[in-house]
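Here the structure comes first, spelled out in structure tokens, and everything after it is commentary.
The values are calculated or read from the model by the stated rules, or taken from the named source; none is laboratory data. Here the structure is a predicted model, which means the values were calculated and not measured. Here the Cβ positions follow ideal geometry from the backbone for every residue, glycine too, while neighbour counts run over all protein chains shown. To get the accessible areas, we keep the full protein, side chains included, count just its heavy atoms, and leave off ligands, DNA and RNA. Shrake-Rupley method; radii C 1.70, N 1.55, O 1.52, S 1.80 Å.
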Amino acid sequence: MGMVRNLVAFMAVIAGTVLTMGTAAAEQGQPAPWQTTFQQAFSPVAAEQHIFHNMLLWIISAITVFVLVLLVYVILRFNKRANPNPSKTSHNTFIEIIWTVVPIMILIVIMIPSLKLLYYGDRIETPDMTLKAIGYQWYWGYEYMDEEGLAFEAVMLEKDELKPGQPRLLATDNAIVLPVETNIRVLVTAEDVLHSWAMPAFGVKMDAVPGRLNETWLRIENEGMYYGQCSELCGARHGFMPIMIKAVSKEDYAKWLVEAKKEFASDGTPAIKFAQITSTSAE
């Protein structure tokens, strides 16, 4: 018994350490080594997704335990030694009704919050601003639809271009700057092949389809840096299409807009960049 208690205590310490590591990095809006949980939610949609996930976890755990107990009972109660004369019964109407009705009720319990969450994360009726994300091979382009002429591309920084504190394979040369506590409509499309614009901390994952505009929304609750990646197998450099969002206060966002309009001013023709394939990309 002492060995069992020690083993349980050791596993609890390991689990606590892993969960703590995951939470610490999640606060920075990025994944962490050995992370076993979701990134911390920084938007209402992500928070609702976590609640729904936890509900499903309890349901599937209860089903798993029930099936295990039932299986053990059947093995012990109806094996050849314990039950040498098996029953000849082939049908039981009551049991058949139970195992039909109960799964239906479980599916209904899952369906209602699932549909509510799908509609909640689908779109926002009255957005405060609109951001358009365009997938290219292999980087992202962005247009601030409410600010005429404000558009830029964001290419992943190579290993030798990273500044202190910037995560490898996640940092880009230009960050998407967005204000906190703002309902932001996000339009997602692609120029060439299928991509997917995914930000785990905001509960957003939207396919980018050439010739089609898909819509979603987000509302950032805290200032800071947040990271995501393309989540669709889009080609040779699929793993090198990061997304970097800098969330700032509304006052700082207004100041950034003034500078950004000067920095990214153009004659209306987008300056297309091509990500260079180097030997350091796969390191």
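Cross-link reach is defined here as a Cα-Cα straight distance under 27 Å, omitting same-chain residues fewer than 8 places apart; for LYS88 the lysines meeting it are LYS80. Along the stretch 90-103 the Karplus relation, 6.51 cos²θ - 1.76 cosθ + 1.60 evaluated at θ = phi - 60°, assigns HN-Hα couplings of 10, 9, 9, 4, 4, 5, 5, 5, 4, 6, 9, 6, 4, x Hz to successive residues, with x for each Gly and Pro. For the stretch 232-240, backbone phi angles converted through the Karplus equation (6.51, -1.76, 1.60; θ = phi - 60°) give residue-by-residue couplings of 10, 5, 10, x, 4, 10, 4, x, 10 Hz, Gly and Pro being listed as x.
For the stretch 67-131, the solvent-accessible area with a 1.4 angstrom probe is 88 square angstrom per residue.
With +1 assigned to the C-beta of every Lys and Arg and -1 to the C-beta of every Asp and Glu, and no other charges, what is the dipole magnitude of the stretch 131-221 about the Cα centre in debye, to the nearest 20?
Taking the Cα centre of the stretch 131-221 as origin, the dipole is about 360 debye.
Legend: distances between Cα atoms for LYS132/LYS205; LYS116/LYS205; LYS159/LYS246; LYS132/LYS159; pairs beyond 25 Å are LYS132/LYS159.
Just the number, please: carbon plus sulfur as a percent of the accessible area of the stretch 52-128, 1.4 Å probe, no ligands or DNA/RNA counted. Ligands and nucleic acids excluded, carbon and sulfur reach 73 percent. Here's the picture: a label point sits 7 Å out from the Cα of THR37 along the beta-carbon direction, and within the stretch 111-134 nothing has its amide nitrogen under 18 Å of it. Ordered from longest to shortest, the equivalent ellipsoid semi-axes for the stretch 122-172 are 27, 13, 11 Å, each the square root of 5 times a Cα gyration tensor eigenvalue. Database remark: amide H of VAL186 closer than 5 angstrom to the amide H of LEU131, THR216, TRP217, LEU218 (H placed geometrically; neighbours at sequence offset of 5 or more, or on other chains; Pro and chain starts carry no H). I'd like the Karplus ³J(HN,Hα) series for the stretch 132-148: coefficients 6.51, -1.76, 1.60, θ = phi - 60°, whole numbers in Hz, and an x wherever there's a Gly or Pro. Rounded to whole hertz, the list is 10, 10, 10, x, 10, 8, 9, 6, 10, x, 9, 10, 8, 5, 8, 10, 4.
When the alpha carbon coordinates of the stretch 81-180 are projected onto the principal axes, the ranges are 80, 40, 26 Å, largest first. Highest-first packing order for the peptide set 52-60, 141-149 is 141-149, 52-60, based on the mean count of other beta carbon atoms within 10 Å. Compactness of the stretch 148-275, taken as the C-alpha radius of gyration over 2.2 N^0.38 Å, stands at 1.06. Selection among GLY149, MET129, PRO113 by position relative to the dipole of the stretch 99-246 gives PRO113 as farthest towards the positive end (Cβ unit charges, Cα centre). Taking a ≥ b ≥ c as the square roots of the eigenvalues of the Cα gyration tensor of the stretch 40-111, is the shape rounded (a/c under 1.5), prolate (a/b larger than b/c) or oblate? Because a/c hits 1.5 or more and a/b fails to exceed b/c, the stretch 40-111 counts as oblate.
Solvent exposure of the stretch 184-242 amounts to 39 Å² per residue of accessible area, where only protein heavy atoms count and the probe is 1.4 Å. Taking 0.36 nm per residue of separation and subtracting the current Cα-Cα distance, fully stretching the chain between LEU71 and ILE108 would add 10.8 nm.
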